[in-house]
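The block underneath contains the structure these notes are about, expressed in structure tokens.
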Amino acid sequence: MPTARLTIDTAFRVGPVRRRTFGSFVEHLGRSVYSGIHDPGHPTADADGFRGDVIQLTKELGISTVRYPGGNFVSGYRWEDGVGPRDQRPARLDLAWHSTEPNTVGTDEFMRWATTTGVEPMMAVNLGTRGVQEALDLLEYCNVPGGTYWSDLRRANGAEVPYRVKMWCLGNEMDGPWQTGHKTAEEYGRLAAETARAMRQMQPDLELVVCGSSSSAMPTFGEWERVVLTEAYDQVDYISAHAYYWEEDGDLASFLGSAIDMDHFVASVAATADAVRARLKTSKRIHISFDEWNVWYQKRAESRPPTGDDWPVAPILLEDRYNVADAVVLGNLLISLLRNTDRVHAASLAQLVNVIAPMMTEPGGRVWKQTIFHPFALTSAHASGEVLRVALDSPSHETARFGETPTVDAVATWDEQAQELAVFVVNRSVTEDVRLEADLRAFPGLRVVDAVTLSNPDVHWAATADDDSSVGPRPNGTVTAADGHLAGVLPAVSWSMIRLAAA
Ligand code: AHR
């Protein structure tokens, strides 16, 4: 059996584990809001119609921030439609998803949901069909205590205390020709800079995210970031990155290497931002908000919006079913996000419920967990303290997409206060188990308190409403640690978490 050797040491600190790495995303898209988080007829629904069972699973998933209300949806959204008496709210065409938006849920409802769920809201403004003024109006509505038109309207709508939203996205995927109001980098960079400047005139301490590329495969990737940051550098704190990893497409080995692309994406955006920094002769550093990432089966029929005269409310869209291999990839993408914690200061798993999501709902019925739920929930629960880069000597294998690919990938976190070490590790081989040997000489007294592995002989096994638990993370009895040395076996196509603590 091939062997992968890791060395883990507190000297290899990358930066803190950031709670915002474990964010998610709720867009007015398909059944994400309506019959996802919101289902007034559901037995667990609260006074606003929000499902208690979905809130419970969101907590169990360990979600920190939730980006709202889009996504492509936000680029045609009039936020004013979604506030005030519900019976007076207009229904509108949602051009992004060829749907009808009833506006039953809007800003105030979402903020109440976020409070109940214990997540930080991360708002996006419409820079597709709208601009500076509408962004200012929404900011005033959300964050100004009172005494002005929009803040008093919020109070009249029942929210006496301002929401004080800190993090704001300046539009969504404005580099994409599919985006309503799509712009060139120059056009968008100017608009983003002016919007940010005006928003800071109202509240200087906002954290603002300018749109980067919607994928590293965009023809404008790199140049888009350079131009946009040249315009907006002084006004913003983050640049966004979006990446979806495609269906396996008959090449499981390449698919399992998806995190290599994420690492490359982060390194490229950071390098571009730093080049602009050098040119502007500034000491300020721009960080990355990886605010859309997941596996997405884009070729499946339900990824295609309705057409023609059909403008349904909350149609079934992007309801991907995830298998074990998808969960291994997702766990590896989280390893990449953690490893890049020095540059990636926030991230949002796209999305939270029903739409390319870790949990699914039946209208009025059950909520269930997809395979990808597990690595996310366990990483969010147990990554804490400082991220440690691991020195890794891994066997490798050839993949069509990435050439020579390290078979094992890993990251560790060290919580000094709790004296707890967590190792997150994947075996990306399609066929071979790998022996793991780790040198823990910096942690001589630690013993294994928990070692779990997610794998299955059928890597295409996917959960359903009737069975979301017969495959999942299971104790890995091969893992042992003694005298600063850890050993165990990682099955082919697997994600594992090993936790060690002082005896
Ligand atoms: O998350 C689904 C969609 O993917 C979002 O609306 C858009 O921003 C991205 O292209």
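The values are calculated or read from the model by the stated rules, or taken from the named source; none is laboratory data. Bear in mind that the values here come from a model prediction, so they are computed numbers and not experimental data. Cβ atoms come from the backbone with ideal geometry, glycine included; neighbour counts cover every protein chain shown. What goes into the accessible areas is simple: the full protein's heavy atoms, side chains included, and nothing from ligands, DNA or RNA. Shrake-Rupley method; radii C 1.70, N 1.55, O 1.52, S 1.80 Å.
Atom-type composition of the exposed protein surface of region 204-289 places 53 percent of the accessible area on carbon and sulfur (1.4 angstrom probe).
Placing +1 on the Cβ of every Lys and Arg and -1 on the Cβ of every Asp and Glu, with nothing else charged, gives region 18-382 a dipole about its Cα centre of roughly 880 debye. Restricting the calculation to alpha carbons of region 18-382 gives Rg and Dmax of 19.3, 60 angstrom. The alpha-carbon of residue 369 sits under 20 angstrom from the alpha-carbons of these lysines, leaving out residues fewer than 8 places away in its chain: 59. Kyte-Doolittle cut-off 0.5, length cut-off 30 Å along the helix's own axis using Cα: show which whole DSSP H helices in the chain pass. Qualifying helices, which must be both long enough and hydrophobic enough, are 258-280. The packing ranking of peptides 348-360, 154-166, highest mean first, is 348-360, 154-166, where packing means the average number of other beta carbon atoms within 10 angstrom of each residue.
Sites listed here are trypsin sites (Lys or Arg not before Pro) in region 425-503 whose DSSP assignment is loop and whose Cβ has at most 15 other Cβ atoms within 10 Å: 441. The amide H of residue 120, built 1.01 Å from its N in the peptide plane, has 65, 66 as neighbours under 5 Å, considering only residues 5 or more places off or on other chains.
Antiparallel versus total DSSP beta bridges in region 18-382: what percent is that, nearest 5? Roughly 20 percent of the beta bridges in region 18-382 run antiparallel, per DSSP. Which percent, nearest 5, of DSSP beta bridges in region 253-401 are antiparallel? Expressed as a percentage, antiparallel bridges in region 253-401 total about 40. Accessible surface computed residue by residue for the chain, with neighbouring protein chains in place and a 1.4 Å probe, gives 36 Å² per residue. Less than 5 angstrom separates the built amide H of residue 291 from those of 241, 348, all sequence-distant by 5 or more or on a different chain.
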